[in-house]
1. To make sure I understand, if each residue's beta carbon is the centre and we count other beta carbons within 10 Å, what order do 28, 6, 87 fall in, fewest to most?
2. Among 16, 113, 8, what is the fewest-to-most ranking by other Cβ atoms within 10 Å?
3. Give me the tail of P(r) for segment 2-169 as a percent: Cα-Cα pairs with distance above 25 Å.
4. With runs of 4+ DSSP H residues as the only contributors, calculate the mean residue ellipticity of the chain at 222 nm using -39,500 (n - 2.57) per run, divided by the residue total and rounded to the nearest 500.
5. Which value, to two decimals, describes the C-alpha radius of gyration of segment 1-71 once divided by 2.2 N^0.38 Å?
6. Please order 109, 40, 154 by the number of other Cβ within 10 Å, starting at the fewest.
7. Can you give me the relative contact order of the chain as a percent, contacts being Cα pairs under 8 Å and 6 or more apart?
8. What spacing in nm lies between the two simple spin-label points modelled at residue 64 and residue 116, each 7 Å away from Cα in the Cβ direction?
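Computed from the coordinates by the stated procedures, all read-outs in this text should not be read as laboratory data. Everything numeric in this text was worked out from a predicted model, so none of it was measured. Counting neighbours? That spans all protein chains shown, and the Cβs are built from the backbone with ideal geometry, glycine included.
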Ligand SMILES: Cc1cc2nc3c(=O)[nH]c(=O)nc-3n(C[C@H](O)[C@H](O)[C@H](O)COP(=O)(O)O)c2cc1C
């Protein structure tokens, strides 16, 4: 199966990027094909300003992927701004695809913020979500390493389930 992992944070020290990288490694170990896209490498502009070349490339990658994993940071109890720009501009061909969410937040009380991404994907493109989210906060990391055993276990479980269900649907 071909999985697109979109790490959507533009932060230099992004924690959701680390979650994406950990899941990428798990899925590579299981033999899946991964296209890893780091939004920090995509020059982007809002929808009505047109698509940059790298945004056009992402649009094609979305179309070609069997399924998609989003890495997101929580901003104001919702998705981060760069993810919203990419969703609006590049996900027109995501219809019906299976997806999963990896989320980094500042605190533990923002876990429902991922529901905004769920709503967008399900309402706009009838996508189907893996009913398990990896949610991590600052205390789960030491420098640029995931140090929480609980989060590492969830990453393993998320990857196993995403791999199993993703392959059945691909
Ligand atoms: C503009 C902004 C708004 C934020 N709002 C929230 C919030 O509502 N809830 C929360 O738990 N963390 C919030 N945070 C903290 C981020 O979720 C946290 O830094 C997380 O690590 C971001 O993901 P990233 O490291 O992948 O960029 C906010 C950060 C920024 C920059």
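1. Least crowded to most crowded, the residues run 28, 87, 6.
2. Ordered by Cβ neighbours within 10 Å, fewest first: 113, 16, 8.
3. 24 percent
4. Working: 5 runs with 70 residues, N = 170.
Mean residue ellipticity, 222 nm, calculated: -13500 deg cm²/dmol.
5. Values: Rg = 12.7 Å, N = 71, 2.2 N^0.38 = 11.1 Å.
In units of the globular-protein estimate, segment 1-71 measures up at 1.14.
6. 109, 40, 154
7. The normalised contact order for the chain reaches 25 percent.
8. If labels sit at residue 64 and residue 116, their model points lie 3.1 nm apart.
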